[in-house]
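Read the structure below first, then the notes.
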């Protein structure tokens, strides 16, 4: 069966015919109750806004700013822009004025959507430095001056009158959109250097929303929470995929997540690792405070289900194979795994019903999985949720690939991996010589496929530096396992080169340190130094629960008792027993004066901006090497 659409504009119309009367986009009222807008109504409003944009003079190919967060009005504004043949340059409200100025100026946007009046006021000082002539505010009650500022709902009303006059022009614009046309330019979060404008086409996105949902089993009967920034390509791809399949989208945030699990009873969501780390820590904290018999029951249930699941995974070929097996090894492990799986099946199911079903009920009772992306999911968190019956479809991607490169398939859930490439995508792992790396050998990941970007906007040099013969150099390090899955182990630019010439990947070290309940955040440093050191943001609540006494404003770097406690944790975790070489040990550490935050030291997906952090805490780092 041929694909019924080749652009997002066509996809919207196909979805309207199939799911038009279905409430699709859900916002919250003042009492935090959800209310929905049908797909037909949302598209009707988007058409009205698009008619006004055409009336303003928007042409196909123009860039339109969109500075807002997750809400129904975001998708209405987005669809309106795409219908005119223009593309948007989105960003969230937590962006700095300097970032917004750079994006709007570089993209040469002369029209911009903004979320609300506070955002408009935030932007006012920088707007004269840009080409922006018209601003549309999404808030329902906003009234514009009719010249430079307009309310989105004012345009929805005005567009109703323009339908008779300009609807044929809009239909012509929609039909004129081609798969190779840009639908967005997303400026990277700038973990290193100035943001680059990633040009993504309708064809790039259509490939993702056609190929990826079947891999994770997304279907029309699902309900999806939207929590990641909608301007980010990961959440955006999920939202478009949901529209294409008629899956309702509920816009929420981290603060309301627990309540909204109960209200919505979602079945699926896209997420960043930090979300599941937080939920994991919350569950573990409650278990630790429970009566001894409850804690013992939880531990028993976890261990039985872990062993049972490992056996089943091996029999299904879903274990991470890092070395080849002889026929004798296969036969022996298969026999042991089969014996274990059969004998633990009933105990595992009984204990799952007694213990883990309650945790799943706290997530609404219908939740069946999440795609986690935007960073590495710590191994202990990955294992935990898969053991308790909440599958984590860890994926791997980047903005330049709109975004999916690989993802765990629902029938091939291999922990420790980021799954397999969608049909039509090629992945190559190349060693230092530029040759295909051996299975299990670390190398640089390259990708070629229909999702790879058109290039960086107005930056041909940067484009040529990462794309050669259609192959995109991701800058990420990874390897293939013997069962064909891909694993990612950090970035080339994250690699720390010590004074002795040793190359160290900090991410595995950081992920292991994060397994300690006393460590909330950590970054390993040591570029051009003799040894590795670390900056840590401690979990102060856990410290107090463990009996440590200190004041909130105390510099913990001067508290020798607490320092000794952390030194022991680091020594135990980053050890030869855990597979670390001598030069990978942490020789010193310092506590950060504050947690790393989104918009400062972290990107919107909680990735660390290593260059920003090392520069900001230069003195603290220097003190460890003095």
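In table form, for the structure just shown:
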read-out: Filter result for residue 507 (closer than 30 Å to residue 473 by Cα, in a helix (DSSP H, G or I) and touching a helix residue (DSSP H, G or I) at 6+ places or on another chain (Cβ under 9 Å)); value: yes
read-out: Candidate set from region 483-504 (those that are in contact with a helix residue (DSSP H, G or I) (Cβ under 9 Å, 6 or more places away or on another chain) and in a strand (DSSP E or B)); member that is farthest from residue 611 (Cα to Cα); value: 488
read-out: Filter result (without any contact (Cβ under 8 Å) to a residue 60 or more places away in the chain and either buried (at least 17 other Cβ atoms within 10 Å of the Cβ) or part of a strand (DSSP E or B) (or both)) within region 151-202; value: 151, 153, 154
read-out: Options 517, 545, 505; residue that is within 22 Å of residue 374 (Cα to Cα) and not assigned by TED's automatic domain parsing to the domain that holds residue 445; value: 505
read-out: Selection within region 1-17 - touching a helix residue (DSSP H, G or I) at 6+ places or on another chain (Cβ under 9 Å), surrounded by fewer than 20 Cβ atoms within 10 Å (Cβ to Cβ) and not in a loop (DSSP other than H, G, I, E, B); value: 10, 13, 14, 16
read-out: Those residues of region 87-122 which are touching a helix residue (DSSP H, G or I) at 6+ places or on another chain (Cβ under 8 Å) and over 22 Å from residue 142 (Cβ atoms), in sequence order; value: 87, 101, 105
read-out: All positions within region 342-358 that are touching a helix residue (DSSP H, G or I) at 6+ places or on another chain (Cβ under 8 Å) and farther than 11 Å from residue 298 by Cα; value: 344, 345, 347, 348
read-out: Flag for residue 208 being over 23 Å from residue 62 (Cβ atoms), touching a residue at least 12 places away in the same chain (Cβ under 8 Å), crowded, with 22+ Cβ neighbours inside 10 Å and outside the structural domain of residue 71 (by TED's automatic domain parsing); value: yes
read-out: All positions within region 21-32 that are free of Cβ contacts under 8 Å to residues at least 40 places away in the same chain and within 29 Å of the chain's Cα centre (by Cα); value: 29, 30, 31
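The values are calculated or read from the model by the stated rules, or taken from the named source; none is laboratory data. These numbers come from a predicted model, not from an experiment. Positions of Cβ are backbone-derived with ideal geometry, glycine not excepted, and every protein chain shown enters the neighbour counts.
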